[in-house]
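Remarks on the structure that follows.
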Amino acid sequence: MAPLTREQKFEARFAEWAAQPIQFATLEAEAAYKERVQMWKDVIRLKKPVRVPFLMLPGIHPFLHAGITTEEGMYDYEKMSAAFKKYNEEFRTDTVVSCGMVGSGPLFDILDYKLYQWPGRGVAPTASYQALEGEFMKDDEYDLLINDPTDFFMRYYLPRVFNALAGWATLGPLTDITELPFTGPYMIGAGLPPAVKAWETMLEAGREALKWASFVGATDGYSIATFGLPAFIGGACKAPFDTLGDTLRGTRAIMLDKFRQPKKVLAAMERLVPLAIASGVRQATAAKVPFIFIPLHKGADGFMSDKDFKTFYWPTLKAVIIGLINEGIVPYLFVEGGYNQRIEVIAQDPDIPVGSTLWIFDKTDMNEVKRLWGGWACFGGNVPASLLSTGSAKDVRAYCERLIDAVARDGGFVLAPGAVVDHCTAENMHAMIDTCHEYGIY
Amino acid sequence: MSEQLINAIAEMDEEGALALTRELLAAGTAPTAILDACRSAMEVVGKRFECGEYFIPELILAGEMLKGISAEVKPYLAAGQADVKKLGKVVIGTVKGDIHDIGKDIVVFMLDVNGFEVYDLGIDVPPQVFVNKIQETRAPIVALSGFLTLSFDSMKQTVEAIRAAGLRDKVKIMVGGGTVDEQVCRYAGADAFGPDAMAAVTLAKGWIA
């Protein structure tokens, strides 16, 4: 049998998404679900859907809206669940607003996570979790990563970033275990006290994650089945430059590496490309949801020159995007900060098929996006966090209407806040959604 | 050779800049002349940043080069010799609830190399700590940094605390970082918003003129 084309794979993934085995509460919910799936399919393919769809990435807004602290939401799964059910009932965005993104406080406690601080662990009870970058990969460790990324993560990165897994640093590489006589000596390390503590931590973390996941599954499942809101984020992966810059080296260090050891940076990113693709494909397939979320960070305006963007950021990100598209997946690129310098570099890239990606922008000129990208890629976003947090519903509505008038009339547009939503009045959230239903009809 | 040092820094030649510094010192060049060259080089870097030729990585590498050169020069300096007349004082910090420091640190660095005396209060800074520092230093300029939307209210509270302390008409307040924009500036009751580190320098220079 001939292998499926990417178009056939896309169709198959969307068909699977539409036909998820959901016990809908009502016929209306089922119809709404199917209508929304069709709307997303149309908008990605740059058609005019029935109306402009609305998409938002929830930060801690669902907790604050429910009148609980972030700390309560991250540590008390019952409260988390109640907050998100209420949120999905009140705000009918065009996807389920999933509680899966905010994470479990107890789990991070068990792991003793160092890359972040969260309420109760370094930041205020009502704050959002915040990254605390560090050089979790040292400047002379690129070759270790390039040689064997999994080994580097297991024996260097994870023991540093999860203090409770520090014992893994005492293990040998798993690839040492090749023959009967070498098995015994290898396993000695696995039985020594530091490693034993790490295994026990993993066991505890796994049990906590399952407990948390059962709440996430039940909560999202309830909202999907009751309100007809499809799950939207099938999984996530990163631009290789961001894996280095956010996760492994930190912003300052990656910027200096770009001057001091550019070849190593490029080689490491090449190495990360197939891992990012495989991860995205695995997650989307397991979730039966065709969108893979890719937040973009360290390639934004100001973070490097266009020349460096073309050398260091875009080629490997593009390879990840194409790798996902070839498997029928839609990369959902969440473009944080400004991309005014970049949209021209990326515009109409002939290697990326027309109508196969979704880009949500923040501080980027949408008229320029429309001018340069129109008829090439589905885009949206740009409703400012400052407006949602401090402006009036009237202003929000006016902003959204202007945006629709300016760039949405040909289809292929998604109304969305530019940033993760932590602070927003209920009136402003309703104003965005209502604008889609009232003003955004095609 | 000072000219060469200026070029090395401005062209982001880290190894060359450090090697030249060592050569200059060995040849008996006055350490203050080397520091003057660094300041001239930073003017070039700042201009290139403003006109969109250089970006944050260049500012960070320039900072590293200056750190390296200062370490080389230090043993040659007599006490007080490195002191230059400062343009004015600036109190800066990331506002309460927010722990992001990268953007703030770049602003601190650019204000510093442009001749300001910078009092960096760090991250997650409560309003009263800003007020105390303003009272202590009599700084005429305050810079509030924030990355997250929670910083909007913290900025507003900080400006209000400054007003409550009777200092509002004695300071100019700038805001910047992450999701901050003109709207947030108005909301917080600050005087100006700056999109990047050089904007902070331009605002500060304008305010002390």
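The values are calculated or read from the model by the stated rules, or taken from the named source; none is laboratory data. These figures come from a predicted structure and were not determined experimentally. When we count neighbours, we look across all protein chains shown, and the Cβ atoms used for this are built from the backbone with ideal geometry, even at glycine.
What to note about this one:
- Single unsatisfied condition, A:ASP351 versus (1) more than 30 Å from B:ILE106 (Cβ to Cβ); (2) crowded, with 23+ Cβ neighbours inside 10 Å: (2)
- Within segment A:165-179, restricting attention to residues that are crowded, with 19+ Cβ neighbours inside 10 Å and more than 26 Å from A:HIS297 (Cβ to Cβ), the residue that is farthest from the other protein chains (Cβ to nearest Cβ) is A:LEU171.
- Top-ranked residue of segment B:98-114 - restricted to ones that are in contact with a helix residue (DSSP H, G or I) (Cβ under 8 Å, 6 or more places away or on another chain) and without any contact (Cβ under 8 Å) to a residue 60 or more places away in the chain, ranked as surrounded by the fewest Cβ atoms within 10 Å (Cβ to Cβ): B:ILE102
- Counting only residues that are in contact with a helix residue (DSSP H, G or I) (Cβ under 9 Å, 6 or more places away or on another chain), more than 11 Å from chain A (Cβ to nearest Cβ) and β-branched (Val, Ile, Thr), segment B:176-209 holds 2 of them.
- Checked against the criterion of being within 14 Å of another protein chain (Cβ to nearest Cβ) and in contact with a Ser or Thr (Cβ under 9 Å, 6 or more places away or on another chain), the candidates B:GLU15, B:GLU11, B:GLU53 yield just one match: B:GLU53.
- Cβ pairs under 9 Å, 6+ apart, first in segment B:183-195 and among the acidic types (Asp, Glu), second assigned to a loop (DSSP other than H, G, I, E, B): B:ASP191/B:VAL171
- Of all residues in segment A:170-196, those being assigned to a helix (DSSP H, G or I) and either in contact with a Ser or Thr (Cβ under 7 Å, 6 or more places away or on another chain) or within 23 Å of A:GLN117 (Cβ to Cβ) (or both) number 3.
- Segment B:154-179, residues that are at pLDDT below 95 and either of a type in the set (Val, Ile, Thr) or in contact with a Lys or Arg (Cβ under 9 Å, 6 or more places away or on another chain) (or both): B:GLY177, B:THR179
- Among the residues making up segment A:397-428, a single one is among the aromatic types (Phe, Trp, Tyr) and within 12 Å of chain B (Cβ to nearest Cβ): A:TYR399.
- Any hit, segment A:330-341, residues being in a loop (DSSP other than H, G, I, E, B) and either over 22 Å from A:ALA419 (Cα atoms) or hydrophobic (A, V, I, L, M, F, W, C) (or both): no
- Within segment B:112-151, considering residues that are more than 14 Å from chain A (Cβ to nearest Cβ) and at pLDDT below 95, the one nearest to A:GLN130 (Cα to Cα): B:ASP112
- Check on B:THR32, in contact with an Asp or Glu (Cβ under 9 Å, 6 or more places away or on another chain) and either polar (S, T, N, Q) or away from every other protein chain (no Cβ under 12 Å) (or both): no
- Some residue of segment A:303-325 being within 30 Å of B:GLU50 (Cα to Cα), outside any helix (DSSP H, G or I), charged (D, E, K, R) and away from chain B (no Cβ under 14 Å): no
- A:SER128 being in contact with a Gly (Cβ under 9 Å, 6 or more places away or on another chain) and either modelled with pLDDT of 95 or more or closer than 30 Å to A:VAL97 by Cβ (or both): yes
- Some residue of segment A:271-284 being among the hydroxyl-bearing types (Ser, Thr, Tyr), within 29 Å of A:TYR156 (Cα to Cα) and within 20 Å of the chain's Cα centre (by Cα): yes
- Criterion (within 14 Å of chain A (Cβ to nearest Cβ) and assigned to a helix (DSSP H, G or I)) met by exactly one of B:LYS47, B:LYS74, B:LYS67: B:LYS67
- Every residue from segment A:367-390 that is touching a helix residue (DSSP H, G or I) at 6+ places or on another chain (Cβ under 7 Å), within 14 Å of chain B (Cβ to nearest Cβ), of a type outside the set (Ser, Thr, Tyr) and assigned to a helix (DSSP H, G or I): A:LEU387, A:LEU388
- Among the residues listed as A:LEU272, A:LEU266, the single one being in a helix (DSSP H, G or I), more than 15 Å from A:THR311 (Cα to Cα) and in contact with a Ser or Thr (Cβ under 9 Å, 6 or more places away or on another chain): A:LEU272
- Among (1) touching a strand residue (DSSP E or B) at 6+ places or on another chain (Cβ under 6 Å); (2) modelled with pLDDT of 90 or more - the single one B:LYS86 does not satisfy: (2)
- In segment A:83-123, the qualifying residues are those that are touching a Leu at 6+ places or on another chain (Cβ under 8 Å) and within 14 Å of chain B (Cβ to nearest Cβ), and the one that is farthest from A:VAL421 (Cα to Cα) is A:LYS114.
- Filtered residues of segment A:204-249 (kept if crowded, with 22+ Cβ neighbours inside 10 Å and within 14 Å of another protein chain (Cβ to nearest Cβ)): A:PHE241, A:LEU244, A:GLY245, A:ARG249
- Of the candidates A:ARG252, A:ARG282, the single residue that is among the basic types (Lys, Arg) and buried (at least 18 other Cβ atoms within 10 Å of the Cβ) is A:ARG252.
- Residue match in segment B:41-49 (condition: over 24 Å from A:PRO262 (Cβ atoms) and without any contact (Cβ under 8 Å) to a residue 60 or more places away in the chain): yes
- Unmet criterion (only one of (1) part of a loop (DSSP other than H, G, I, E, B); (2) touching a residue at least 40 places away in the same chain (Cβ under 8 Å)) for A:LYS258: (1)
- A:THR435, sole failed condition from (1) within 14 Å of chain B (Cβ to nearest Cβ); (2) outside any loop (DSSP other than H, G, I, E, B); (3) within 21 Å of A:GLU90 (Cβ to Cβ): (1)
- Residues that are closer than 28 Å to A:TRP359 by Cβ and among the β-branched types (Val, Ile, Thr), drawn from segment A:53-91: A:ILE60
- Taken over segment A:126-161, residues that are away from chain B (no Cβ under 14 Å), touching a residue at least 12 places away in the same chain (Cβ under 8 Å) and in a loop (DSSP other than H, G, I, E, B) amount to 4.
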